[in-house]
Amino acid sequence: MAGMGSGPDHLFNLRNTFYLGAYQTAINNSEIPNLSPEDAVERDCLVFRSYIALGSYQLVISEIDEAAATPLQAVKLLAMYLSSPDNKESTISSVKEWLADSTIGNNAILRLIAGTIFMHEEDYNEALKHTHAGGTMDLHALNVQIFIKMHRSDYAEKQLRVMQQYDEDHTLTQLATAWLNLAVGGSKIQEAYLIFQDFSERYPMTCLVLNSKAVCCMQMGNFDEAESLLLEALNKDAKDPETLANLVVCSLHVGKSSSRYLSQLKLSHPEHVLVKRVSSAEDNFERALQSIA
Amino acid sequence: MLTKFETKSNRVKGLTFHPKRPWILASLHSGVIQLWDYRMGTLIDRFDEHEGPVRGVHFHNSQPLFVSGGDDYKIKVWNHKTHRCLFTLLGHLDYIRTVQFHHENPWIVSASDDQTIRIWNWQSRTCISVLTGHNHYVMCASFHPKEDLVVSASLDQTVRVWDIGSLKKKTVSPADDLMRFTQMNSDLFGGVDAIVKYVLEGHDRGVNWASFHPTLPLIVSGADDRQVKLWRMNETKAWEVDTLRGHMNNVSSVMFHAKQDIIVSNSEDKSIRVWDATKRTGIQTFRREHDRFWILAVHPEINLLAAGHDNGMIVFKLERERPAFAVSGDSLFYAKDRFLRYYEYSTQKDAQVIPIRRPGTPSLNQSPRTLSYSPTENAVLICSDVDGGSYELYIIPKDSVGRSDVVQDAKRGTGGSAVFIARNRFAVLEKSTSQVLVKNLKNEVVKKSSLPIPTDAIFYAGTGNLLCRSEDKVVIFDLQQRLVLGELQTPFVRYVVWSNDMENVALLSKHTIIIASKKLVLQCTLHETIRVKSGAWDDNGVFIYTTLNHIKYCLPNGDSGIIRTLDVPIYITKVSGNTIFCLDRDGKNRAITINATEYIFKLALLRKRYDHVMSMIKNSQLCGQAMIAYLQQKGFPEVALHFVEDERVRFNLALESGNISVAVASATEINEKEQWYRLGVEALRQGNAGIVEFAYQQTKNFERLSFLYLITGKLDKLSKLMKIAEVKNNVMGQFHNALYLGDVKERVKILENAGHLPLAYITASVHGLTDTAERLATELGDNVPSLPEGKTPSLLMPPSPVMCGGDWPLLRVMKGIFEGGLESAARGGAVDEDEEDVGGDWGEGLDMVDVDGMENRDIEAILAEAEGAEEDNDEEGGWGELEGLDLPPELDTPKASANARSSVFVTPTQGMPVSHIWSQKSSLAAEQAAAGSFDTAMRLLNRQLGIKNFAPLKSMFIDLFSGSQSYLRAFSSSPVVPLAIERGWSESNSPNVRGPPALVYDFSQQEEKLKSGYKATTSGKLTEALRLFLSILHTIPLVVVESRSEVDEVKELVIIVKEYVLGLKMELKRRETKDDPVRQQELAAYFTHCNLQLPHLRLALFSAMGVCYKSKNLATAYNFAKRLLETNPVESQAKTARQIVQAAERNMTDTTELNYDFRNPFVICGSTYVPIYRGQKDVSCPYCTARFVPSQEGNICGVCDLAVIGADASGLICSPSQVR
């Protein structure tokens, strides 16, 4: 987070591509000359986080060695957490241990990663313990998301206001605004749509943006447009879990069969919320039958 | 004040505008009268016949005449076309101050220091009236523009108004004038033709100027008492209205503005002052350093003024006339008068949007300069010079085309310029600090950014980018990255026009147009001698622009040309195909159709779109010398070739384009040595030996021909040439050829014949022709030359040619597409294009390297500058303002607080998921299912419809539940955010108020299914039909509709579908029970009693008829046949039916007895498929209303397979309207 009006922001594009989900592009365009040491670390973090987003956990784990800077170590922890569900416990205990270390416990990336991991654990209390103070746009954006997940849009809005005060035009501010708009619904959905529309005009289309637009469309009841956006996203990445999940939902609404997308999603992402939701619904149905019989 | 033109000269005492042409006459103290073209800025002519100062000059409004009067007491009338003084009017006895033509009579009025005003007839060239009465110099006299009045001003401190009505009556015909001439002497000094109407007294010193208002009965005067006075008159009297004070010295001249409600005066105090004629207050003052003003002139037609001073004159405007406008897609927003207006290009609809100025506010130079429109916000930013540069932000109301005249309270601010740069963002330039403020629509500062160069104006340059202009360059600056994206040295840029795709930009300066890419890489520069006014990009990337008097185009390579001329300047707003949309100076939208052929053609050539070129050549008449010259110059002689008839031009073009065959044809036609020679040269260049030979032959150029034969190895032809040379007695040629051929005998013979015996001898002996040598030796006698010693002679034989016969490998010439003529263009064109493109790419590649290098350097330089500037700012505390603005805390603040993070923060409790809200609020089963409260949903269905068998509903429950959430991927690698999808979204829904869940099933889908079900039934796919109908029955409990009437439709649908389900189930059952003909007949018969669509009923009847007939139940069959015939069936069915009727009539009996009495009304039991005749007991399904025999009570309904037969139920609730 460079101060206002200072020199050129070399990582601007890289950050944007990352936030907007063009992970491979971010990786490909990460060779930026003349970076200061701090910038270089931030760059590496963005690159490894991109790899994580692409699912290349092992690459990240093996690339980041013991000598790497704290932020990178934190990123490695995230990769470890996501890569093996079995070792979650040990990863979490390392995270907690590091957070307790006063020399590194304050590191923004470490806190960000901790927040992300505890969010996966649905331990929002623990997550917020480390992230609520913010300090970087990423942390604030994560907070917005945590509060949205907690259905506390009032708190999310406060976080967003901090971001807006710092830099209203920042990509993350815009994204977080759109997330919150979607969460509160109503007339705000249109604004969210416009934000994503803006992004799609200014930057190359990514699955993330297409999906986000499609979500807006669905929220506005426009399932036909949502479907075409999702199919476009599917073209870009046939395995993207959100694309598949949203396609399932969208197909249901337009009266088409959703089973193919659901099977694909079950195969590629058996842990996805939608998959879990469907299987829990089946149990739920049986239970309900029992209760009413 | 906008100076349009300025001259330097001797003192200017008189000025007059030409009413039509852009000319102005200036009469000078030196005695010279200058004719200037103020548009081109050139001196057209000078007239130098007066002696001493010329104080008065005036153009005639229709004839090519002007009149002048000077200190030589002479009034001269000139023809400016012929540059001649036509005649001189003599009579005044002292300096002449002013002269003026009458607007319709052939009169001139003059004012003189001899204290008289005279009126002259310039046709008869006589003085027709002398107006006496002033008792000091008359400084000025002029006709009223409409009435028979003259106003004069004199140093006697009075202004006089004269009535010349009687003069007019007397001069109906020129003959009268002549008659009056004799009378005149007697009338002199006592004339009654013109009488003083009013004497206006009020000035304390001599009056220098007085003039009429063009339409109102007003007079304005200026005097040495430094005052300007306004007078009003009516039929009987005239009086002083007001005095305008402010000039610091003698007022020289004062006039009403021709179009606006203002008065303009100038004075020896070196200033020009502008006054509000209504409020009588000064509006503006323009001063000059050293020059006293002497004279003013107002253009009669257009908004121009001129003022003469000690060292020349200026032509100026008080106000810009360019309407501020902004284009967005199909719409144009522009400011006119007090209003913002809207124009739609496609419909040419024009409407007033909102008022932006209150009525009666002073308008001079307060009008909008620029306008920026944001389509997403439907807002406009209007910048004007008010308060030294300010902007106003208006939100256009949704029902925008209101006539309301209430001026919105716009959000305002000061700033050099303001433009929208993104959604909900606009940038405002703070000139003093060279910063931009980024603001949101609430007019709050969101961000501040310092600009890389000292900037005096900003323009839009794509989302988030600004084009910053300084005196001598422009840069594009990315506000987010704080990076300079491009930079270009330019003259002072006035307007910036982006192409539709935002890839290119045109930068318009006064006399220059620069086309650059979006990164400001220069593409071309155009210079115009006439001022550049406006421009827009057409869809093909051609820039169409206007100068003061032309519409022109500029191709991407910088080629430009005139499209048409203009009478008055226009401001192009958009180009669409052949139509140019523009605003004129009156703020009217106009659509001008232009002929775009020429530039489209040139563009096609440029882009190598030869197929277009070809079709244009075929279909349009764009020929002309200019086009041929253009094509030739641009390296397209082969295209030009197709336009030309003249053989010589054709030949030249053919040679240029290397088209040998056309050249040969033309050369044959012309048949001159010159052409053949040039053809030969070109053919040789290309290696076309045949044509070379032909050309040489045609010109009889034997020497070249023989050399050609030598090198091509055509020795037989060479020897022929030798013969020809012999015949022609060309010894040298003969010898050459012999030498080429290596024919020694021949050479010897030639030498011998030519009398060169020694040479012949040597040749013969060297080459071993001893016989001949001896013979020659004897002939030579003593003169036998000695042969060189010690050398081995060898015979030079012609070399064997590399290629023999035919052409050399031909040089590749630009041929192909046009070669085959106009017909077969396309294929060749493609090939050519490809090859050409390769060449182009290479070139570009090299260019780019260069450009990049430059850019980098420049950017670094700018960055260095920018940094430097910022440092300065820091030192000066330039950011102080920023703090005052209450901007959010800097980065450090949250960081600091981060240290204390765990101590104060308490995690909020989790909020309520939307699905909980849904399940709390809803009493509709479908909504409960969508919310995941399956048990509640089941209970509801049980209560309402008696449904107990939920198994068929399972997938629907799950689908409803699955379809109620979408999935938003938010932050990378964090868990996905599920979002509840609500039903009935509209823009006006308030946030945070939860709507009901969106459901995956709706009524219209069921109607669709019904149609498919019908179709499947018709085509006999009964299982499929049954599946569809059942699916409808199973879905309806989970369908939600909005209105009561729809609820009725839903219920109706249940009944319709139930009938089909029952019928189809029976029919399928019938098909299974083949071994029981009685049951078969019964089921077929019952089927005909289901309530079916007519075509389906016919099918049921037809099958029942057939089944019964086969089982010899003729009477029953007869009944079905009759019923079938009543339905008016298709002929094939009817025929069978009639046959059965005939057969049955002969034998009306049934062989088997059926449980079927069609005369007795009945319903069918949904499970046992037996008739329940009227009066018998039955039970029904609470949901689908199917009927059953009482024994079925408590079982699951055999029709819908959901509800319990005979159960208590409250009825279907499928709409919130039923619940309220």
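If you scan the range A:183-232, which residues turn out to be facing another protein chain (nearest Cβ under 8 Å) and of a type outside the set (A, V, I, L, M, F, W, C)?
Correct list: A:Gly185, A:Gly186, A:Ser187, A:Lys188, A:Gln190, A:Asp198, A:Glu201, A:Arg202, A:Asn211, A:Ser212, A:Gln219, A:Gly221.
May I ask you to list the residues in the range B:440-477 that are within 12 Å of another protein chain (Cβ to nearest Cβ), within 20 Å of B:Leu371 (Cβ to Cβ) and open to solvent by less than 20 Å² (accessible area, probe 1.4 Å)?
Residues satisfying the conditions are B:Asn440, B:Gly462.
Being open to solvent by less than 20 Å² (accessible area, probe 1.4 Å), touching a Lys or Arg at 6+ places or on another chain (Cβ under 7 Å) and at the interface with chain B (Cβ under 9 Å from one of its Cβ atoms) is true for just one of A:Leu139, A:Leu128, A:Leu172. Which residue is that?
Details: A:Leu128 fails: touching a Lys or Arg at 6+ places or on another chain (Cβ under 7 Å); A:Leu172 fails: touching a Lys or Arg at 6+ places or on another chain (Cβ under 7 Å).
Exactly one residue qualifies, and that residue is A:Leu139.
Might you let me know whether the range B:335-357 holds any residue that is on the phi > 0 side of the Ramachandran plot, in a loop (DSSP other than H, G, I, E, B), out of contact with any helix residue (DSSP H, G or I) (no Cβ under 7 Å at 6 or more places or on another chain) and among the polar types (S, T, N, Q)? Give the derivation first.
Within the range B:335-357, the subset on the phi > 0 side of the Ramachandran plot is B:337, B:348.
Then keep just the ones that are in a loop (DSSP other than H, G, I, E, B); that gives B:337, B:348.
Subsequent filtering for residues that are out of contact with any helix residue (DSSP H, G or I) (no Cβ under 7 Å at 6 or more places or on another chain) retains B:337, B:348.
Now narrow it down to the ones that are among the polar types (S, T, N, Q): B:348.
For the range B:335-357, residues on the phi > 0 side of the Ramachandran plot, in a loop (DSSP other than H, G, I, E, B), out of contact with any helix residue (DSSP H, G or I) (no Cβ under 7 Å at 6 or more places or on another chain) and among the polar types (S, T, N, Q): present.
Could you pull out every one of the helices (runs of 4 or more DSSP H) wholly within the range A:208-293 that has 2 or more residues that are in contact (Cβ under 8 Å) with a residue 24 or more places away in the chain and more than 21 Å from B:Phe961 (Cβ to Cβ)?
Here the list reads A:223-236.
Looking only at the range B:245-261, how many residues end up being surrounded by fewer than 20 Cβ atoms within 10 Å (Cβ to Cβ) and in a strand (DSSP E or B)?
Within the range B:245-261, residues that are surrounded by fewer than 20 Cβ atoms within 10 Å (Cβ to Cβ) and in a strand (DSSP E or B) number 1.
Has the range B:1113-1125 got any residue that is farther than 21 Å from B:Leu1154 by Cα and at pLDDT below 90? Walk me through it before giving the result.
Start the filter on the range B:1113-1125 by keeping residues that are farther than 21 Å from B:Leu1154 by Cα, which leaves B:1125.
Remaining after also requiring at pLDDT below 90: B:1125.
Yes.
Restricting attention to the range B:940-960, report how many residues are of a type in the set (A, V, I, L, M, F, W, C), buried (at least 24 other Cβ atoms within 10 Å of the Cβ) and either more than 17 Å from B:Leu999 (Cβ to Cβ) or at the interface with chain A (Cβ under 7 Å from one of its Cβ atoms) (or both).
3
Only one of A:Ala133, A:Ala108 is in contact (Cβ under 8 Å) with a residue 24 or more places away in the chain, within 12 Å of chain B (Cβ to nearest Cβ) and within 28 Å of A:Ala178 (Cα to Cα); which? Talk me through it step by step, then tell me what you get.
On the way: A:Ala133 fails: in contact (Cβ under 8 Å) with a residue 24 or more places away in the chain.
Of A:Ala133, A:Ala108, the one residue that is in contact (Cβ under 8 Å) with a residue 24 or more places away in the chain, within 12 Å of chain B (Cβ to nearest Cβ) and within 28 Å of A:Ala178 (Cα to Cα) is A:Ala108.
When you scan the range B:961-1002, how many residues do you find that are outside any loop (DSSP other than H, G, I, E, B) and either out of contact with any Asp or Glu (no Cβ under 6 Å at 6 or more places or on another chain) or at the interface with chain A (Cβ under 7 Å from one of its Cβ atoms) (or both)? If you could, list the steps in order and put the result at the bottom.
The first filter runs over the range B:961-1002 and keeps only residues outside any loop (DSSP other than H, G, I, E, B), leaving B:961-962, B:965-968, B:977-980, B:982, B:997.
Keeping just the survivors that are either out of contact with any Asp or Glu (no Cβ under 6 Å at 6 or more places or on another chain) or at the interface with chain A (Cβ under 7 Å from one of its Cβ atoms) (or both) gives B:961-962, B:965-968, B:977-980, B:982.
Selection size over the range B:961-1002: 11.
If you go through the range A:127-139 one residue at a time, do you hit one that is of a type in the set (D, E, K, R) and under 19 Å from A:Glu157 (Cβ atoms)? Show your work before the answer.
Of the range A:127-139, the ones of a type in the set (D, E, K, R) are A:129, A:138.
After this cut, where a residue has to be under 19 Å from A:Glu157 (Cβ atoms) as well, the list is A:138.
Scanning the range A:127-139 turns up at least one residue that is of a type in the set (D, E, K, R) and under 19 Å from A:Glu157 (Cβ atoms).
Yes/no matrix, rows are residues, columns are (1) surrounded by fewer than 20 Cβ atoms within 10 Å (Cβ to Cβ); (2) free of Cβ contacts under 8 Å to residues at least 24 places away in the same chain:
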| position | (1), (2) |
| --- | --- |
| A:Glu31 | yes, yes |
| A:Ala40 | yes, yes |
| A:Tyr57 | yes, no |
| A:Val60 | no, yes |
| A:Leu78 | no, no |
| A:Glu89 | yes, yes |
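Modelled with pLDDT under 90 and more than 9 Å from chain A (Cβ to nearest Cβ): is that true of B:Glu870 in this structure? Please lay out each step first, then the result.
Values: modelled with pLDDT under 90: yes; more than 9 Å from chain A (Cβ to nearest Cβ): no.
Here the answer is no, as B:Glu870 does not meet what is asked.
How about the range B:1083-1186: which helices (runs of 4 or more DSSP H) wholly inside it have at least 3 residues that are under 30 Å from B:Cys1197 (Cα atoms)? Outline the logic, then answer.
Values: elements: B:1094-1110, B:1114-1126, B:1131-1146.
Counting at least 3 such residues, we get B:1094-1110.
Does the range B:478-507 hold any residues that are in contact (Cβ under 8 Å) with a residue 60 or more places away in the chain and surrounded by fewer than 19 Cβ atoms within 10 Å (Cβ to Cβ), and which are they?
Residues satisfying the conditions do not exist here.
Considering each residue of the range B:893-931, count those that are at pLDDT 85 or above and at the interface with another protein chain (Cβ under 7 Å from one of its Cβ atoms), and give that number.
Of the residues in the range B:893-931, 1 are at pLDDT 85 or above and at the interface with another protein chain (Cβ under 7 Å from one of its Cβ atoms).
Can you tell me which residue among A:Lys256, A:Lys236 is over 20 Å from the mean Cα position of the chain (by Cα) and more than 10 Å from chain B (Cβ to nearest Cβ)?
Every option except A:Lys256 fails the conditions.
Just one of (1) open to solvent by less than 50 Å² (accessible area, probe 1.4 Å); (2) outside any loop (DSSP other than H, G, I, E, B) trips up B:Asp242, so point out which.
Result: B:Asp242 fails condition (1) only.
How do the pairs read when you match residues in the range B:668-683 that are surrounded by 14 or more Cβ atoms within 10 Å (Cβ to Cβ) with residues anywhere that are part of a helix (DSSP H, G or I) and polar (S, T, N, Q), using Cβ under 6 Å and keeping only pairs 6 or more apart or on different chains?
Close Cβ pairs (under 6 Å, with a partner that is part of a helix (DSSP H, G or I) and polar (S, T, N, Q)) amount to B:Trp676/B:Gln698; B:Trp676/B:Thr699; B:Tyr677/B:Thr699.
Say we look at the range B:190-218 and pick out the residues that are out of contact with any strand residue (DSSP E or B) (no Cβ under 7 Å at 6 or more places or on another chain) and modelled with pLDDT under 70; which of these is nearest to B:Tyr137 (Cα to Cα)? I'd like the intermediate steps shown before the answer.
If we filter the range B:190-218 for residues that are out of contact with any strand residue (DSSP E or B) (no Cβ under 7 Å at 6 or more places or on another chain), which is where we start, we get B:190, B:192, B:204, B:215-216.
Applying the additional criterion that residues be modelled with pLDDT under 70 yields B:190, B:192.
Numbers: B:Gly190: 19, B:Val192: 21 Å.
Result: B:Gly190.
For the subset of the range B:1074-1103 comprising residues that are open to solvent by less than 50 Å² (accessible area, probe 1.4 Å) and of a type in the set (Phe, Trp, Tyr), which member is nearest to B:Val1170 (Cα to Cα)?
So, considering only residues that are open to solvent by less than 50 Å² (accessible area, probe 1.4 Å) and of a type in the set (Phe, Trp, Tyr), the one nearest to B:Val1170 (Cα to Cα) is B:Tyr1086.
Any chance you could count how many residues in the range B:711-735 are surrounded by 21 or more Cβ atoms within 10 Å (Cβ to Cβ) and farther than 29 Å from B:Ala665 by Cβ? Please lay out each step first, then the result.
Narrowing the range B:711-735 to residues surrounded by 21 or more Cβ atoms within 10 Å (Cβ to Cβ): B:712, B:718, B:721-722, B:725, B:734.
If we keep only those that are farther than 29 Å from B:Ala665 by Cβ as well, we get B:722, B:725, B:734.
The qualifying residues number 3.
Restricted to the range B:560-582, and to residues that are part of a loop (DSSP other than H, G, I, E, B) and either without any contact (Cβ under 8 Å) to a residue 24 or more places away in the chain or open to solvent by 20 Å² or more (accessible area, probe 1.4 Å) (or both), which residue is nearest to B:Leu304 (Cα to Cα)?
Filtering the range B:560-582 for residues part of a loop (DSSP other than H, G, I, E, B) gives B:566-569, B:577-578.
Going one step further and asking which of them are either without any contact (Cβ under 8 Å) to a residue 24 or more places away in the chain or open to solvent by 20 Å² or more (accessible area, probe 1.4 Å) (or both), we end up with B:566-568, B:577-578.
Working: B:Leu566: 18, B:Asp567: 16, B:Val568: 13, B:Gly577: 34, B:Asn578: 33 Å.
So the residue we want is B:Val568.
Anything in the range B:1034-1046 that is in a helix (DSSP H, G or I), in contact with a Phe, Trp or Tyr (Cβ under 8 Å, 6 or more places away or on another chain) and modelled with pLDDT of 90 or more? List them, or say none.
Restricting attention to the range B:1034-1046, the residues satisfying the condition of being in a helix (DSSP H, G or I) are B:1034-1038, B:1044-1046.
With the extra rule that they be in contact with a Phe, Trp or Tyr (Cβ under 8 Å, 6 or more places away or on another chain), the set shrinks to B:1035, B:1037-1038, B:1046.
Selection gives B:Thr1035, B:Pro1037, B:Leu1038.
Test B:Tyr342 against the criterion of being free of Cβ contacts under 8 Å to residues at least 60 places away in the same chain and aromatic (Phe, Trp, Tyr), and give yes or no. It would help to see each step written out before you state the result.
Details: free of Cβ contacts under 8 Å to residues at least 60 places away in the same chain: yes; aromatic (Phe, Trp, Tyr): yes.
It is true that B:Tyr342 is free of Cβ contacts under 8 Å to residues at least 60 places away in the same chain and aromatic (Phe, Trp, Tyr).
Only one of B:Val99, B:Val57 is over 16 Å from B:Ser152 (Cβ atoms), open to solvent by less than 60 Å² (accessible area, probe 1.4 Å) and either touching a strand residue (DSSP E or B) at 6+ places or on another chain (Cβ under 7 Å) or part of a strand (DSSP E or B) (or both). Can you tell me which?
B:Val57
If you take the residues in the range B:537-559 that are of a type in the set (D, E, K, R) and not in a strand (DSSP E or B), which one is surrounded by the most Cβ atoms within 10 Å (Cβ to Cβ)? Can you show your working first?
Looking only at the range B:537-559, we keep the residues that are of a type in the set (D, E, K, R), and these are B:538-539, B:552, B:559.
Remaining after also requiring not in a strand (DSSP E or B): B:538-539, B:559.
Details: B:Asp538: 23, B:Asp539: 11, B:Asp559: 19.
This residue is B:Asp538.
The values are calculated or read from the model by the stated rules, or taken from the named source; none is laboratory data. Source: prediction; values computed, not measured. A quick note on method: Cβ atoms are made from the backbone with ideal geometry, for glycine too, and the neighbour counts reach across all protein chains shown. Surface areas here come from the heavy atoms of the whole protein model, side chains and all, with no ligands, DNA or RNA. Shrake-Rupley method; radii C 1.70, N 1.55, O 1.52, S 1.80 Å.
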